[in-house]
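Working notes, structure below.
Where a number appears in this text, it was derived from the coordinates with a stated rule and is not lab data. Note that the coordinates shown come from a computational prediction; the quantities given were computed from them, not determined experimentally. Ideal geometry is used to build each Cβ from the backbone, glycine not excepted, and the neighbour counts take in all protein chains shown.
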């Protein structure tokens, strides 16, 4: 999987390439990057990927937190109850 993006930093142009690799038995990590010229100096940052879990979307969290409401009728019910309680 290759994702290429152009990032502008000051007056320099930085070409970023994202690749996935597997660490070999001896700890070696190899990537093939034909996009760069021979002799190009690069910065390498290695991040360990976590296991892919189920994608969580913000919309799926609505109503899940303390004091949150999952639907409009729940909100209406809460407001009616608060108005009827007389503690305002």
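List of remarks:
- Separation of the residue 14 and residue 81 label points, Cα + 7 Å toward Cβ, nm: 5.1
- Residue separation of residue 47 and residue 35 scaled by 0.36 nm, minus their Cα-Cα distance, works out to 2.2 nm of gained length.
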